[in-house]
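First the structure, in the form of structure tokens, and then the observations on it.
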Amino acid sequence: MIHIAVMGYGTVGSGVVEVFYKNRESIQRKIGNKPMDIKYILDLRDFPDSPYAGKMIKDFNIIADDPDVEVVAEVMGGLEPAFSFTKTCLERGKSVVTSNKELVAARGAELLEIARRNNVNFFFEASVGGGIPIIRPLHSSLAANEIDEIAGILNGTTNFILTKMIKEQMAFEDALSLAQKLGYAERNPSADVDGHDACRKICILASLSFGNHIYPEFVHTEGIRDITLEDVAYAGDWGGVIKLIGRAKRVSEDGGEIYAMVSPAFISNDSQLSSVDDVFNGILVRGDATGDVVFYGKGAGKLPTASAVIADIVDAVKATSTSKSLHWKDDGNNHVLDYKQQPGAFYLRMLGGAAGIQKARELFGEIRLLRRPGQPEEEFAFVTPLFTEAVMEDKVSELEGSGCRKLAMLRVLDY
Ligand code: HSE
């Protein structure tokens with residue numbers, strides 16, 4: 001019998017248990033018909049009415065000390081005690097699979113190394129893209145490629161909110177409450193709306209793709225709190241939508257220097273990412289041999305995420321030794337270049353009337369003016385040619401110095 005333990009019985013953990021027992025027979029078939037069962041479920045809360053009450057424990061040491069437990073699913077979230085528990089399990093010869101993006105983004109290189117030393121697996125398919133297979137395809141199926149760039153809608157909650165704003169004119173707070181009710185949002189929804197969750201995910205993808213640990217604190221991150229229905233309308237006139245995009249781009253051949261950022265941005269209706277709506281995620285991977293490959297599916301929610309966790313359990317059971325090739329370096333350095341030096345086009349919404357438009361033309365050259373229904377006379381909006389952010393800041397200050405007021409500024413991407 002293969003024994004599993006599940007640490008955490010929240011949204012993802014209860015989903016893992018539910019999907020495991022629902023599909024147990026077919027899961028066992030995939031590991032050569034070996035019998036497999038969940039021996040323990042670790043959670044500090046009581047679940048007396050649960051059909052699994054007999055498996056519930058509160059003491060982590062029961063799992064750590066039980067040599068029968070081969071694979072542990074860490075689905076608690078947060079850095080501690082998740083890190084300590086995971087490290088102990090790996091050191092005791094148990095493979096660990098996790099959905100915890102915070103843990104992988106902060107300590108992934110270290111945990112992969114501990115797994116390697118102890119000849120066990122550390123897998124984290126569920127940490128990015130919910131139910132979408134992305135980690136394994138990036139690592140294995142696209143192995144022939146040098147990855148040049150990744151851009152993705154990586155957070156289901158913010159995509160759900162933006163979709164409700166764009167399609168139903170729903171207020172931000174109402175859309176957020178609905179996302180929370182549906183089990184998409186993080187415990188602290190600031191992690192979603194302020195972009196930190198997407199940041200952790202792009203860091204994991206960038207680390208895996210470019211070979212160096214990319215720390216979230218070095219990645220410039222903006223959320224969606226300031227997006228208004230006016231900006232949504234101007235994006236529509238431009239021919240696109242506003243999406244929260246996490247992106248990373250290789251700059252130096254060896255991947256030692258990259259650009260990485262999370263921000264809301266204009267995306268053209270022609271882009272495959274533009275039609276990724278609701279809780280869905282879409283991840284575009286630009287390989288030097290494949291060109292663009294796009295991954296699409298449910299990026300959050302109990303059952304999609306549970307599906308990825310169980311896929312990792314199956315792989316961990318099947319792997320006779322550690323997946324040694326799954327790793328990246330952590331040399332303690334920052335590999336992310338200053339985002340202000342990355343060139344791009346920008347959308348600006350200003351107050352300043354005809355004189356403002358004239359000044360904008362002088363400063364930015366070929367601008368594309370945008371329109372929206374109900375546009376006040378003094379308001380104008382436009383898209384600029386390519387500039388670095390540093391140059392943009394100077395030009396915007398000059399525009400403001402001439403009597404205009406900036407209402408919004410967003411990046412315009414060309415994926
Ligand atoms: N809060 C996350 C999201 C959950 O909305 O995408 C999945 O990581």
Here the relative contact order (percent) of the chain, from C-alpha pairs under 8 Å and at least 6 apart, is 18 percent
For the chain, the dipole about the Cα centre with charges only on Cβ (Lys and Arg +1, Asp and Glu -1), to the nearest 20 debye, works out at 1000 debye
Cα-based Rg/(2.2 N^0.38 Å) for the chain, rounded to two decimals, is 1.07
With R₀ set to 45 angstrom, the calculated FRET efficiency between the beta-carbons of Asp37 and Glu146, to the nearest 0.05, is 0.60
Within segment 218-259, the residues whose backbone N lies under 16 Å from a label point placed 7 Å from the Cα of Leu178 along the Cα-to-Cβ direction are 229
So the angle from the long Cα axis of helix 101-117 to the longest Cα principal axis of the chain, reported in degrees to the nearest 10, equals 40 degrees
Probe 1.4 Å, heavy atoms of protein chains only: per residue, the accessible area of segment 94-208 in Å² is 32 Å²
Largest fluctuation, Glu222, Glu146, Glu377 only, Gaussian network model of the chain with Cα springs under 10 angstrom, belongs to Glu377
With a 1.4 angstrom probe the carbon and sulfur portion of accessible area for segment 261-346, in percent, totals 47 percent
Under a Gaussian network model of the chain whose springs join Cα atoms within less than 10 Å, the largest fluctuation of Thr158, Thr305, Thr388 belongs to Thr388
About its Cα centre, segment 55-143 carries a charge dipole, from +1 on Lys and Arg Cβ atoms and -1 on Asp and Glu Cβ atoms, whose size in debye to the nearest 20 is 200 debye
Taking alpha-carbon centroids only, segment 171-189 lies from segment 37-103 a number of Å equal to 27 Å
To the nearest 0.05, the calculated FRET efficiency linking Ala171 and Tyr21 through their beta-carbon distance, R0 being 30 Å, is 0.15
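Net charge near Ala265, counting Lys/Arg +1 and Asp/Glu -1 over other residues with Cβ under 9 Å of its Cβ?
Here the charged neighbours net out to +3.
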Ranking Ile153, Asn188, Phe266 by how far each Cα lies towards the positive end of the charge dipole of segment 131-283 (+1 on Lys and Arg Cβ, -1 on Asp and Glu Cβ), the top one is Asn188
Expressed in nanometres to one decimal, the distance between label points 7 Å along Cα→Cβ at Phe218 and Glu110 is 1.6 nm
Among Gly15, Gly152, Gly344, the residue with the largest mean-square fluctuation in a Gaussian network model of the chain built from Cα contacts under 10 Å is Gly344
The summed charge of the Lys30 Cβ neighbourhood (under 12 Å; Lys/Arg +1, Asp/Glu -1) stands at +2
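Give me the percent relative contact order of segment 223-306, please, defined on Cα pairs under 8 angstrom at least 6 residues apart.
Relative contact order here is 20 percent.
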Of segment 400-414, those with amide N under 20 Å from the point 7 Å along the Cα→Cβ vector of Asp270 are 411-414
In nanometres, the difference between 0.36 nm per residue of separation and the alpha-carbon distance of Lys318 and Leu369 is 12.6 nm
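Divide by every residue of the chain the summed helix terms, -39500 (n - 2.57) for each DSSP H run of at least 4, and state the resulting mean residue ellipticity at 222 nm, rounded to the nearest 500 deg cm²/dmol.
Using -39500 (n - 2.57) per qualifying helix, the result is -10500 deg cm²/dmol.
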With the label point 7 Å along the Cα-to-beta-carbon line of Arg92 and a cut-off under 12 Å to each amide N, the hits in segment 34-77 are 40, 59-72
On the accessible surface of segment 11-148, probed at 1.4 Å with all protein chains in place, carbon and sulfur together account for a percent value of 48 percent
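Hey, can you find the accessible area per residue of segment 227-283 for me, probe 1.4 Å, expressed in square angstrom?
31 Å²
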If the chain between Asp338 and Ser252 were fully extended at 0.36 nm per residue, the gain over the current Cα-Cα distance would be 29.6 nm
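The values are calculated or read from the model by the stated rules, or taken from the named source; none is laboratory data. All values derive from a computational prediction rather than experimental measurement. Backbone-built Cβ (ideal geometry, glycine too); neighbour counts: all protein chains shown. Areas reflect the complete protein model, heavy atoms only, side chains present, ligands, DNA and RNA absent. Shrake-Rupley method; radii C 1.70, N 1.55, O 1.52, S 1.80 Å.
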